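Reviewing the structure listed below.
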Amino acid sequence: MKLSQMLFVTLRENPAEAEIPSHKLLLRAGYIRRIGSGIYAYLPFMWRVLQKVSQIVREEMNATGAQECLLPQLQPSELWKESGRWDTYTKAEGIMFALEDRQGRQLGLGPTHEEVITTIAKEMIQSYRQLPIHLYQIQTKFRDEIRPRFGLMRGREFIMKDGYSFHTSEESLKKTYQDMDQAYRNILTRCGLKFRAVEADSGAIGGSGSQEFMVLADAGEDEVLYTEDGKYAANVEKAISIPKKAKSSPFNSYEKRETPKCETIDKLCNFLGCSPSNIVKNVLYEAIFDNGKTVLILVSIRGDQDVNEVKLQNELTKLAHNYQAKALLTLTVPDETAQKKWASKALPLGYIAPDLADDYIEKQKDIEPQFLRFVDHTAVDLKDFVTGANETNYHILGANWGKECNLPKLMVDLRKAKAGDISAHDPNQKLKTARGIEVGHIFQLGTKYSEAMGATYTNEQGEEKPFVMGCYGIGVSRLAQSAVEQSYDKDGIIFPVAIAPYHAIVVVPNISDTEQMAVAEKLYNELNSQGIETLFDDRDERAGVKFKDSELIGIPFRITTGRSLKDGKVEVFKRATKESQDININEVVSIIKNWVETAIKS
Ligand code: ATP
Ligand code: MG
C-alpha cells in the first residue's frame with residue numbers, strides 16, 4: 001500500500017483524552033479514533049492488526065477441534081429471563097444495553113452468549129452421541145461499562161472470541177478446559193506477548209475452576225500474586241496465602257480504656273503502643289440483594305489484614321436464599337448518607353465491636369433487622385486482643401472470644417492476600433506482586449445455565465441430564481492494545497512482527513530523485529510478491545517526517561533508498577532494536593523475508 005493513497009494522519013502531540021501509553025500511541029499513530037465514550041473506529045492499520053490476532057486465535061481454536069460460527073448480537077429478553085439474568089444484567093449491573101422493538105418486544109445487545117448457545121444446544125443436541133461439542137465465534141460485544149477507559153482496553157463495543165463447550169461429564173469438560181489452556185498459551189506466545197496464567201475467581205457461578213490470562217504491564221487493572229518458583233499465580237481477588245504471625249499481645253488483663261481520637265488502626269496502635277496484629281477490627285458493609293433486601297454486615301478481621309471484597313461477595317451469594325433472594329446486587333461500605341437510611345442512631349464508627357447491637361438497625365421493610373456477622377480466621381486465633389467498645393473514644397483491651405466477646409458463627413476466609421505473605425504451597429516462597437491486563441478467561445461452568453434453561457440430553461442409560469458446560473473468552477481488541485502497552489519506546493509503537501499491520505516499509509527520502517523512486521518501487525513490489533506485507537512511503541514529505549512516522553506506527557523493518565544506493569545498497573533499520581545496516585539491493589528481499597518468517601515462527 002502506498003502511503004500517499006492511504007488515510008494516513010499521525011499526531012505529534014499526545015491527545016488529552018488518553019492516559020496510558022498504548023492508548024496515546026494508537027491514537028497518535030492513526031490506528032484508532034474515538035467516536036464516543038468507549039466507542040472506537042478501528043482504522044485500516046488497526047483493522048489489519050485485529051484481523052491478524054483473530055486469525056491466530058482461529059487457527060489455535062480450530063486445531064483443538066472447536067468449530068467457528070456467528071451468533072446474533074440482538075438477543076430476545078426471553079432467553080435471559082430463562083437463565084435468570086435479564087434483571088441483573090439490564091437493571092442491577094446495567095451492563096447490558098436493552099431496547100424495545102416496534103412490536104414492543106424487549107431485546108438486549110449481546111454482552112456474552114451463554115443464553116443463545118445454550119438454547120441452540122437444548123434444541124439441537126438430543127443424545128450423548130453428539131457430545132462433546134465446542135462452538136466459538138469472533139464478534140463485537142456490547143457492554144455498558146461503568147467506566148469505559150484506556151481506549152480498546154475497556155470499551156463499550158469491543159471484539160471478543162467466545163467459545164462454549166458441552167459435555168456429558170466433568171471429566172470431558174476438564175479435557176477441553178486443558179486444551180483451551182494450551183490454546184490460549186499458544187495464542188499469546190504467537191502474538192509475541194509476555195503473560196501469566198493465573199487462578200481466577202469463579203464468582204457466583206461456582207464450578208470447579210477458572211483461569212485468567214494476564215498480559216504483564218504496569219498499566220494493568222488487575223493485581224497478580226505469584227511465587228518465583230512458578231508454582232503459584234493467582235488474581236489477588238482469588239489468591240490465598242499464610243499471613244504473618246500475630247505479635248503477642250501486651251495486654252494480658254481485660255479493661256475498657258479511653259482512647260480519644262483513635263478511630264483508625266494506625267492512631268490506635270500509636271496511642272496504645274501495640275501492633276495492628278493485636279487488634280480485631282470490625283468492618284461494616286451494606287449488601288443489597290436482587291429482591292431489594294438490604295443486609296448489614298460486620299466483618300471481624302485482624303487489624304493488619306484487609307477484607308477481600310470478592311471473597312465476601314461470594315459468601316453473600318451463597319447466603320442469598322436466606323433472604324429469599326437469588327443474587328447479590330451491590331456490596332459497599334456505607335457512607336453517611338447510606339447509613340442514614342437504616343441506622344436508628346449514630347454509629348460508634350471507629351469504635352465498633354464484633355457484637356455491635358442489632359438495635360442500631362431501624363426496623364423497616366426490606367431491611368434485615370440483624371447484622372450478619374463474619375469472622376475471618378486471622379481474628380479467630382487472637383488472644384487478649386484490642387477491639388472497639390461500641391462507644392466513641394473507648395476500646396476494650398485484653399479481650400478474648402467466649403469471654404468479653406462472642407465469636408461470630410460464620411468463620412470464613414475473607415482475607416486479602418498480599419505481597420510479602422508466605423505462600424500456602426511452600427513456606428519458603430513469598431508472594432510477589434505484578435500488574436496484569438486480563439486478556440482471556442477460561443471457565444468450567446458446570447450445569448448452571450443448562451439447569452436454569454432446562455437444556456438436557458439423553459445419556460447412555462436413557463436418562464435426561466443437563467449439559468456440563470465450559471466457556472472460554474479472549475478479548476481480541478484488548479489483546480491487540482495490550483501488545484502495544486507491552487512494547488513501545490519514546491518514538492512510538494514496536495509491534496511484534498506476527499501482529500504488526502505491515503511487516504516492512506520502504507521509505508524514499510526524496511521522491512524527486514528518480515533513482516531512489518525506481519529502486520524503492522521495485523523493492524516494494526518484490527517484497528509484496530514474496531508475501532512480505534509492505535508499505536511504501538512515497539509521500540511528498542521531508543525524510544525526517546517519514547522516519548518519525550515509520551517509527552511511530554511501529555513497522556518492524558524499514559528500507560530506505562538513500563545515500564547507500566551509490567554502492568548498490570539500501571539502508572535497513574530494525575524497529576525493535578534500532579539497528580541499521582546497509583544491505584545489497586539484490587539480497588535485501590530474501591534477508592527480510594527470512595527475518596519475518598523467523599520472527600513469526602518463534
Ligand atoms: P473485566 O473483569 O476486565 O471487566 P470480564 O471478566 O467481565 O472483564 P469476560 O466476561 O471474562 O470479561 O470476557 C472475556 C474477555 O473479554 C476478557 O478477558 C477481556 O479480555 C475481554 N473484555 C471484557 N470486557 C471488555 C471491555 N469492556 N473491553 C474490551 N475487552 C473486554
Ligand atoms: Mg473475566
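The values are calculated or read from the model by the stated rules, or taken from the named source; none is laboratory data. This structure is a prediction, so every number in the text was calculated from the model and none was measured. No Cβ is skipped: glycine too gets one built from the backbone with ideal geometry, and neighbour counts run over all protein chains shown.
Of the residues 495, 467, 443, only one is aromatic (Phe, Trp, Tyr) and over 25 Å from the mean Cα position of the chain (by Cα); which? Checking each option against the conditions leaves just 467.
Checked against the criterion of being acidic (Asp, Glu), part of a helix (DSSP H, G or I) and within 16 Å of ligand 1 (Cβ to nearest atom), the candidates 485, 515 yield just one match: 485. Among residues of segment 543-558 that are at pLDDT 95 or above, those with a beta-carbon under 7 Å from a residue that is assigned to a helix (DSSP H, G or I) at least six positions away or on a different chain give the pairs 552/28; 553/45; 556/497; 557/592; 557/595; 558/550.
Filtering segment 557-573 to residues that are exposed (fewer than 15 other Cβ atoms within 10 Å of the Cβ) and out of contact with any helix residue (DSSP H, G or I) (no Cβ under 8 Å at 6 or more places or on another chain) leaves 563, 566, 567.
Listed here are the residues, each with its yes/no results for (1) assigned to a loop (DSSP other than H, G, I, E, B); (2) of a type in the set (Val, Ile, Thr); (3) buried (at least 21 other Cβ atoms within 10 Å of the Cβ).
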residue: 23; (1), (2), (3): no, no, yes
residue: 30; (1), (2), (3): yes, no, no
residue: 41; (1), (2), (3): no, no, no
residue: 47; (1), (2), (3): no, no, no
residue: 50; (1), (2), (3): no, no, yes
residue: 53; (1), (2), (3): no, yes, yes
residue: 62; (1), (2), (3): no, no, no
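Find the residue count for segment 188-234, including only residues that are outside any strand (DSSP E or B) and within 16 Å of ligand 2 (Cβ to nearest atom). If you could, list the steps in order and put the result at the bottom.
In the first step, residues of segment 188-234 are kept if they are outside any strand (DSSP E or B); the result is 188-194, 200-208, 217-221, 227-232.
Next, from what is left, pick out any that are within 16 Å of ligand 2 (Cβ to nearest atom): 188, 200-207, 220-221.
Number satisfying all stated conditions: 11.
For residue 443, the criteria (1) over 30 Å from residue 191 (Cα atoms); (2) in contact with a strand residue (DSSP E or B) (Cβ under 8 Å, 6 or more places away or on another chain); (3) crowded, with 20+ Cβ neighbours inside 10 Å hold in every case but one, which is (1). Given the structure, is residue 593 in contact (Cβ under 8 Å) with a residue 60 or more places away in the chain and among the basic types (Lys, Arg)? It is true that residue 593 is in contact (Cβ under 8 Å) with a residue 60 or more places away in the chain and among the basic types (Lys, Arg).
Against the conditions (1) basic (Lys, Arg); (2) within 16 Å of ligand 2 (Cβ to nearest atom); (3) modelled with pLDDT of 95 or more, residue 238 satisfies every one except (3).
Considering only segment 328-335, I want to know if a residue exists there that is over 25 Å from residue 90 (Cα atoms) and assigned to a loop (DSSP other than H, G, I, E, B). Yes, the conditions are met somewhere in segment 328-335.
Could you check segment 282-299 and list, in sequence order, the residues that are charged (D, E, K, R) and out of contact with any Leu (no Cβ under 9 Å at 6 or more places or on another chain)? Explain how you work it out, then say what you get.
The first filter runs over segment 282-299 and keeps only residues charged (D, E, K, R), leaving 286, 290, 293.
293, the sole residue that qualifies.
Residues to consider are 166, 158; find the one that is in contact (Cβ under 8 Å) with a residue 40 or more places away in the chain, within 16 Å of ligand 2 (Cβ to nearest atom), crowded, with 20+ Cβ neighbours inside 10 Å and in a strand (DSSP E or B). Spell out how you get there, then give the answer.
On the way: 166 fails: within 16 Å of ligand 2 (Cβ to nearest atom).
Testing whether each residue is in contact (Cβ under 8 Å) with a residue 40 or more places away in the chain, within 16 Å of ligand 2 (Cβ to nearest atom), crowded, with 20+ Cβ neighbours inside 10 Å and in a strand (DSSP E or B) leaves just 158.
Residue-level check: of (1) closer than 30 Å to residue 552 by Cβ; (2) surrounded by fewer than 18 Cβ atoms within 10 Å (Cβ to Cβ); (3) among the β-branched types (Val, Ile, Thr), residue 458 misses just (1).
Of everything in segment 201-229 that's within 16 Å of residue 420 (Cα to Cα) and more than 16 Å from ligand 1 (Cβ to nearest atom), which residue is surrounded by the most Cβ atoms within 10 Å (Cβ to Cβ)? So the residue we want is 225.
Just so you know, in segment 434-468 the residues that are hydrophobic (A, V, I, L, M, F, W, C), more than 16 Å from ligand 2 (Cβ to nearest atom) and in contact with a Ser or Thr (Cβ under 8 Å, 6 or more places away or on another chain) include one that is modelled with the lowest pLDDT, and it is 452. Set side by side, the residues 131, 173, 188 differ, and just one is within 16 Å of ligand 1 (Cβ to nearest atom) and either among the small types (Gly, Ala, Ser) or surrounded by 17 or more Cβ atoms within 10 Å (Cβ to Cβ) (or both), which is 188.
Could you grab me the full set of residues in segment 143-155 that are touching a Phe, Trp or Tyr at 6+ places or on another chain (Cβ under 8 Å) and surrounded by 20 or more Cβ atoms within 10 Å (Cβ to Cβ)? Let's see the steps before the verdict.
Of segment 143-155, the ones touching a Phe, Trp or Tyr at 6+ places or on another chain (Cβ under 8 Å) are 143-144, 151-152, 155.
Of everything in segment 143-155, those that are touching a Phe, Trp or Tyr at 6+ places or on another chain (Cβ under 8 Å) and surrounded by 20 or more Cβ atoms within 10 Å (Cβ to Cβ) turn out to be 143, 151, 152, 155.
Contact map, segment 423-439: first residue assigned by TED's automatic domain parsing to the domain that holds residue 197 and among the hydrophobic types (A, V, I, L, M, F, W, C), second residue part of a loop (DSSP other than H, G, I, E, B) and within 16 Å of ligand 1 (Cβ to nearest atom), Cβ cut-off under 6 Å, separation 6 or more or different chains; pairs are 437/217; 437/220. Every condition in (1) over 27 Å from residue 576 (Cβ atoms); (2) assigned to a loop (DSSP other than H, G, I, E, B) is met by residue 509 except one, and the failing one is (1). Only residues that are within 22 Å of residue 355 (Cα to Cα), polar (S, T, N, Q) and part of a helix (DSSP H, G or I) were counted in segment 235-294, giving 2.
Before we move on, is residue 81 surrounded by fewer than 17 Cβ atoms within 10 Å (Cβ to Cβ), away from ligand 1 (no atom under 15 Å from the Cβ) and modelled with pLDDT under 95? First the steps, then the outcome.
Values: surrounded by fewer than 17 Cβ atoms within 10 Å (Cβ to Cβ): yes; away from ligand 1 (no atom under 15 Å from the Cβ): yes; modelled with pLDDT under 95: no.
No, not satisfied.
In this structure, does residue 265 turn out to be of a type in the set (Val, Ile, Thr), at pLDDT 95 or above and either within 13 Å of ligand 1 (Cβ to nearest atom) or surrounded by 15 or more Cβ atoms within 10 Å (Cβ to Cβ) (or both)? When the stated conditions are applied, residue 265 passes them. Every condition in (1) closer than 18 Å to residue 163 by Cα; (2) charged (D, E, K, R); (3) in contact with a helix residue (DSSP H, G or I) (Cβ under 7 Å, 6 or more places away or on another chain) holds for residue 460 except the one numbered (1).
For segment 64-100, the set of residues classified as more than 25 Å from the chain's Cα centre (by Cα) and part of a helix (DSSP H, G or I) consists of 77, 78, 79, 81, 82, listed by residue number. Each residue in segment 405-461 was checked for being away from ligand 1 (no atom under 16 Å from the Cβ) and either among the hydroxyl-bearing types (Ser, Thr, Tyr) or not in a loop (DSSP other than H, G, I, E, B) (or both), and 19 pass.
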